[in-house]
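The values are calculated or read from the model by the stated rules, or taken from the named source; none is laboratory data. The structure displayed is predicted, hence computed values, not measured ones. Every residue, glycine among them, receives a Cβ derived from its backbone with ideal geometry; neighbour counts consider all protein chains shown. Areas reflect the complete protein model, heavy atoms only, side chains present, ligands, DNA and RNA absent. Shrake-Rupley method; radii C 1.70, N 1.55, O 1.52, S 1.80 Å.
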Amino acid sequence: MSGAVSIDGARQGDRPERPTLVILAAGRSTRFGRAKQLEPVGPGGASLIEYAVYDAVRAGFGRFVLVVRESQQDEFEASLTPLRAAGLSLSFACQRLVDADLVPLPPPGRVRPWGTGFAVLAAAAALPRQTPFAVCNADDFYGRVAYERLAHALAAPPAGIRAFAATSPLADTLSAHGGVSRGLCEPGPDGTLLHMTEGLDLRLDGVAARAGDDAESPATPPGVIGRTASGAAVRVDADSPACMGLWGFFPVILPLLEERFRDFLAESPGIEDEFYLSEAVGNLAAAERTRCGLVPVGPGWMGVTFPEDRERVADSLRRLTEAGAYPVDLWTPHVRPEPLRAAQASLFGPPQAPPGGIATAPGRINLIGEHIDYNGLPVLPMALDRHVHLDFEAAGQATVELEGDSAHGSFAFRLDRTIESAPRGHWSNYVRAAARGLLDHGVGLKRGIRGTVTGTLPEAEGLSSSSALVVASALALLHANEAEVEALELAALLARAERYVGVQGGGMDQAVSLCGKEGHALRIDFGPLRVTPLPVPEGWRWVVASSLTRAEKAGAVRGLYNERRAQCAEALERVGRTSWPEVVEADEDEFASILARAGKSLPLTLSRRFRHVATEGRRVIEAERALRSENLAAFGRLMNASHASLRDDFSVSTQALDKIVGVALDAGAAGARLTGAGFGGCAVALCRANRAKSVIEALIDRFYAPRGGVDRRALFVADAADGATVTSGGGVTCRD
Ligand code: NG1
């Protein structure tokens, strides 16, 4: 067998099926001022191109084609020598203004390159005919997860899909230093691309400025404004999917692109007009000439459009390096990238080792039904489009070894010894709880996991980041051990397991994180656990607003929460009842008399706790009716009553939460209440879509601005999302 030994230890030529990465590096860096593609940004002096190659190798890519301007080729060759020295297959394609076949004559006055769509055509000759390829920009950092997700998509494309656009929420891709260009995606009902437009000069609209000018944390954006290539103004939702130039294709795209480029030339473009890849794929999708899947790639993306962006990117790379995600020197022989990971190897070659993957679990907001899950009463939460991600590989021995960001650090523990708790408040306790829960349930965990935990879900905000971590850990452990537990059974066992951490919680959070359904709230019943998805009506919006106070369940909140749980049990017993459902399901007269008797017989605090649980239980039943009949006003009134009860009878609200609720209602919300355990954390307001902007603006003006501003982690419009998954297959399915 011949062929150079590649960086991952495999022999090039052995696996012709490995995809190629095309790196577009011919841009002129006009806003940056110099050749930013080669700018050293990593702590060891590596450029963003090198990070792209490094991440792509680990995701299973086998060849690299750099598209450059002719005048730059020598500079690039010299600068990327270490990659060749490391055994990588690296070639160059030149992007010229004149192309023998496509553009035989030099266009008079044109200096500007033809654009990203043409750059891909320039690489065509260097691409193998049969294997898929990806395209990325040389001046963007997408992160390892992005390449892995794209590699997964290319390895197992859904029927008929031969193109993929990697996407992130638009607001996460803007620069604090000026307008940027992004592919604005319009997904169709089946989640594939309906259309895409290149948005230019995109920036948050004016409201951001009014909440303070903290460049690091722009205020919650009601929208993003910019223009199209033809000069038309655009305004899009800040959370809409944007493509930052990372794509996956099968070679059948090339003749279609060429056809579009000929059409573009036939329309006599101006000397500044560009043939954008985004527009070309968007038009092909709109004309149903190609189907393009959207691959969300999470929050890792960073771009360098302006010189000021460089410092932020350099700083993040330094932190990632300190956390062990990258070596300082990417290419020296003794710190080469790890061998190709098992999960990726199985995609592009025969399966070799136990599986790895990415376990993703959402947080939640509870719409109504607070502090009643542990009393066995139904609740009505929805899964959030904010997640914990656990990127893992199966470990040979029974050891769990995870690393978080620099604030959390890393830890390890063994599965084949008694799993002791870490000190109170340590994040590893949630992972330990998941492992203990599975082991206690009889699941054999012979293999451990090694990986990193990242996420978009703020902690200690009442959005259930703790349960999302428990769920993601359990899914990763199950997956690594090729074991399965049915979703509801898993939710129930994880609810019990999370109590190892010390909070005597109910079972709502784990169930919704596992069984959430996009566009739906979930009615969750207990004893036995059941879930019923209920569609959220078109035009209802949930505005989530943080009180800016952490509800730290590892701290004081733990005692307050457990105290309330005990008070509920005591109150029920003292009124001579055996179950809360029996109280809540009593007929009107009987219910009134139970409440009256409890009011007389119980000490004041217990009678208040009793009244909250009993009335909240009935509100959930009415709220389900309001949701089913799309009666927004009725749902809103129930939320208001829930908040008043949590504030006055259950004593879990705070002044800040009350203030948020008041401001949201003044601004036209139909209802608002604290969500989650309370004692800080978030409130949720329900409003019609056309009111969301004024509710957000009022919250910024009257709550956040006086407290120093807000960012989009703290104030956002929530969409109901699907439950947890493991991307490389497996996962769980939920019974409706
Ligand atoms: P959060 O908001 O995550 O602290 C807690 C409990 C829920 C439920 C709510 C109050 C856990 C894991 N979660 O949620 O079961 O009781 O409070 O409704 O303890």
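Going through (1) of a type in the set (Asp, Glu); (2) in contact with a Gly (Cβ under 6 Å, 6 or more places away or on another chain); (3) over 30 Å from HIS643 (Cα atoms) one by one, ASP373 falls short only on (3). Looking only at residues in the stretch 669-690 that are surrounded by fewer than 20 Cβ atoms within 10 Å (Cβ to Cβ) and of a type outside the set (A, V, I, L, M, F, W, C), the one that is farthest from the ligand (Cβ to nearest atom) is ASN690. For the stretch 411-470, a residue qualifies if it is surrounded by 17 or more Cβ atoms within 10 Å (Cβ to Cβ), charged (D, E, K, R) and within 16 Å of the ligand (Cβ to nearest atom), and the qualifying residues are ARG432, ARG436, GLU459, GLU461.
Counting residues in the stretch 487-502 that are at pLDDT below 95, within 15 Å of the ligand (Cβ to nearest atom) and not in a helix (DSSP H, G or I) gives one or more.
Checking ARG609, ARG577, ARG619 one by one, the residue that is touching a Ser or Thr at 6+ places or on another chain (Cβ under 7 Å), among the basic types (Lys, Arg) and open to solvent by 10 Å² or more (accessible area, probe 1.4 Å) is ARG619 and no other.
Checking ALA238, ALA215, ALA159 one by one, the residue that is touching a helix residue (DSSP H, G or I) at 6+ places or on another chain (Cβ under 7 Å), modelled with pLDDT under 90 and part of a loop (DSSP other than H, G, I, E, B) is ALA238 and no other.
Cβ-Cβ under 7 Å, sequence separation 6+ or interchain: first residue in the stretch 400-428 and on the phi < 0 side of the Ramachandran plot and among the small types (Gly, Ala, Ser), partner at pLDDT below 90 and open to solvent by 60 Å² or more (accessible area, probe 1.4 Å). Which pairs? Short answer, once both residue conditions are applied: SER406/ARG319; SER406/GLU322. Scanning the stretch 545-558 for residues that are closer than 20 Å to ILE372 by Cβ and either hydroxyl-bearing (Ser, Thr, Tyr) or open to solvent by 30 Å² or more (accessible area, probe 1.4 Å) (or both) turns up LYS553, ARG558.
For (1) out of contact with any helix residue (DSSP H, G or I) (no Cβ under 6 Å at 6 or more places or on another chain); (2) open to solvent by less than 20 Å² (accessible area, probe 1.4 Å); (3) at pLDDT 95 or above, each residue gets a yes or a no:
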position: PRO351; (1), (2), (3): yes, no, no
position: ILE358; (1), (2), (3): yes, yes, no
position: LEU367; (1), (2), (3): yes, yes, yes
position: GLY376; (1), (2), (3): no, no, yes
position: LEU384; (1), (2), (3): yes, yes, yes
position: VAL388; (1), (2), (3): no, yes, no
position: ASP405; (1), (2), (3): yes, no, no
position: HIS408; (1), (2), (3): yes, no, no
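Scanning the stretch 127-164 for residues that are over 16 Å from ALA56 (Cβ atoms) and open to solvent by 20 Å² or more (accessible area, probe 1.4 Å) returns ARG129, GLN130, ALA156, PRO157, PRO158, ALA159, GLY160, ARG162.
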